[in-house]
Amino acid sequence: MGFKAKTEVSGEGGLPVTVLVGFAEALAAPEVVWSLVDAGFHVVAFTRKGKRSALGHSHHAVCHEVTPPEVDLQAAISDMHSLMASLNATEGGTPRVLFPLDDTAVALCALVQPGLPWHLAGPHGSSAELALNKCVQTQAARDAGFKVPNTAIARTADDLYNFVATESFPIILKPAECVPIRQGRVVGCRKWICANRGELEHAITEWAERIPLLVQPFIVGTGEGLFGLATPDGIKAWSAHRRLRMMNPQGSGSSACVSQAVSAELASKVEELLTKAKWRGLFMIELLHDNAGNTWFMELNGRPWGSMALSRRQGFEYPAWHVKLAIDQNSPLNMAVSPTPGMVCRHVGREFMHLLFVLRGPKSMALTSWPSFWKTLANVLRVRREDAVYNWRPEDLKVFLADCYYTVHGNLFKSRN
């Protein structure tokens, strides 16, 4: 595809507006940066110390290291303040924008609380709570009319046993907080799918009651996404996609997705949810379409999503629009773009990992419809001329190559551990 000529977005002093994005390791980071660069912004990125990223190979953004919040959250906040102060010192009074690209960055940037000349292009206050707390999300979705699976919060093993006493297996367990913070640092926690009591007891042993879990019935279906930009004049630039393949069929982000038409019924529910929350900026609503034809609310993402490449290939420059809106709520935005249903976009590294996950097989008896390896191989190799790929830009080819390598290497290393 062709790329737009760069027209600088300038502040009052005539200098280009700087956007500080991060974390650089976020899946959508390259596409976000290219959207901003093509709109004329000057982009700087923050990255975890010692962490390599595809964006680190880009010609368009310089990456600055900060302490990983997983090691020391207060040190990460201090490093962010220092980085922002250094940008203030070198660029006068030109407006600057802080743009979080993943959930951990959303939590970090909400704690940094930037003051002028900085603008936060991300959730803060009650919007940050909505973006980062799945309990709040599920209740807001239910109030807006979405179908929401029967949900409980488990803080102890007894809570889980009580849930399965009234709700049959299989169930899924996932962190109730998107970014759990304990003892001054961000802690990680995986998800579990449990088909029986034995698998549940194994999950409880691994969980060790470290953080609250969201417990729901495990529903088999196809993941869908609904996207848009919430402005003072309502939600604009609607688009949607459907997952063709997840990197890990047991549950993960997509390795291939296809654009589809926006459901008016679902859009009205999204509008009700976000209007009540006074949401501003980009968003993704993750849904699950089950085999009986029901569409279930899964979660709200208040930051760029993994399939940003598919959005941009259709002309939806959500990152650039989002930043312009953060600078000026009344900024005129050229969003005269229509979705292109049927466009397929693939992540090459994740497609390769998808084959390996399929070959490895399921890790829970709840996954009774595991894909056939040979059929999957045929689907992955069936490439159409019009198909697009994630993180592809000829002038920044090293980003694409590094992204493929880090995706495969990171997942193989994680599996080995």
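Work out the count of Lys pairs in region 167-296 where the Cα-Cα distance is under 17 Å, with the pair 8 or more places apart or on different chains. Walk me through the numbers before you get to the answer.
Details: Lys174/Lys191; Lys236/Lys269; Lys236/Lys276; Lys236/Lys278; Lys269/Lys278.
The number of close lysine pairs in region 167-296 is 5.
May I ask for the Kirkwood hydrodynamic radius of the chain, worked out over all distinct Cα pairs and given in angstroms to one decimal?
Kirkwood hydrodynamic radius for the chain: 22.2 Å.
Test of understanding: extend the Cα→C-beta vector of Gln74 to 7 Å, then name every residue of region 177-204 with backbone N under 14 Å from that spot.
Counting backbone N atoms under 14 Å from the label point, the list is 182-186.
Using the Cα centre of region 18-122 as the reference point, and only Cβ charges (+1 on K/R, -1 on D/E), how large is the resulting charge dipole? Debye, rounded to the nearest 20. Write out the running numbers ahead of the final one.
Numbers: 5 positive and 10 negative charges, 31 e Å.
Using only the charged Cβ atoms, the result is roughly 160 debye.
Peptides 136-149, 333-346: what's the order by average Cβ count within 10 Å, highest mean first?
Result, highest mean Cβ count within 10 Å first: 136-149, 333-346.
Return the long-range amide H neighbours of Arg245 (sequence gap of 5 or more, or a different chain), with a cut-off of under 5 Å between placed amide H atoms.
Residues meeting the amide H criterion: Ser255, Ala256.
Could you list Glu224, Glu265 in order of exposure, starting from the residue whose Cβ has the fewest other Cβ atoms within 10 Å?
Working: Glu224 21, Glu265 9.
Arranged by neighbour count, lowest to highest, Glu224, Glu265 become Glu265, Glu224.
Using +1 at the C-beta of Lys and Arg and -1 at the C-beta of Asp and Glu, which of Gly184, Ser78, Ile285 has the Cα lying farthest in the positive direction of the dipole of the chain?
Positive-end residue among those listed: Ile285.
Taking the Cα centre as origin and putting +1 on Lys and Arg beta-carbons and -1 on Asp and Glu beta-carbons, what dipole magnitude results for region 150-217, to the nearest 20 debye? Mind dumping the intermediate values first?
Values: 8 positive and 8 negative charges, 66 e Å.
The calculated dipole for region 150-217 is roughly 320 debye.
Which of Phe169, Phe227 has the fewest other C-beta atoms within 10 Å, and how do the rest follow up to the most?
Neighbour counts put them in this order, fewest first: Phe169, Phe227.
Determine the calculated [θ] at 222 nm for the chain from helices alone, applying -39500 (n - 2.57) to every DSSP H run no shorter than 4 residues and normalising by the residue count; nearest 500 deg cm²/dmol.
Working: 13 runs with 147 residues, N = 417.
Calculated at 222 nm, the ellipticity per residue is -11000 deg cm²/dmol.
Note down the relative contact order for the chain as a percent, whole number, built from C-alpha pairs under 8 angstrom at least six residues apart.
17 percent
Take Asn291 and Ser372, extend 7 Å from each Cα along the Cα→Cβ direction, and tell me the distance between the two endpoints in nm.
1.7 nm
Could you tell me what % of all Cα pairs in region 18-122 have separations over 24 Å?
13 percent
Run the numbers on region 18-122 and let me know its relative contact order in percent, using alpha-carbon pairs under 8 Å that are six or more apart. Display every interim value, and only then the final one.
Working: 163 pairs, mean separation 30.6, N = 105.
Result for region 18-122 is 29 percent.
Take peptides 366-374, 252-260, 177-185 and line them up by average Cβ neighbours within 10 Å, highest first, as a rough protection proxy.
252-260, 177-185, 366-374
Starting from the Cα of Ala336, step 7 Å along the direction of its Cβ; do the same at Cys135; then give the gap between the two resulting points in nm.
Each label point is offset 7 Å from its Cα along the Cβ direction, giving 4.8 nm.
So for region 150-217, averaging the separation of alpha carbon pairs under 8 Å that are six or more residues apart and normalising by length, what relative contact order in percent results?
Value for region 150-217: 52 percent.
How much length is gained if the chain between Asn379 and Lys236 is pulled fully straight, taking 0.36 nm per residue apart and subtracting their Cα-Cα distance, in nm to one decimal?
Full extension from Asn379 to Lys236 adds 48.1 nm.
Please report, in whole Å, how far the alpha carbons of region 150-217 spread along each principal axis, starting with the longest.
Projected onto its principal axes, the Cα set of region 150-217 covers 37, 22, 17 Å.
Mind computing the radius of gyration and Dmax over the alpha-carbon atoms of region 221-416? Å is fine for both.
Spelled out, the Cα radius of gyration and Dmax of region 221-416 are 17.7, 53 Å.
Under the rule a/c < 1.5 gives rounded, and otherwise a/b versus b/c splits prolate from oblate, where does region 187-299 land using the Cα gyration tensor?
prolate
Each value in this text was obtained by applying a stated rule to the coordinates, not by laboratory testing. Quick caveat, the model's predicted, so the values are computed rather than measured. Positions of Cβ are backbone-derived with ideal geometry, glycine not excepted, and every protein chain shown enters the neighbour counts.
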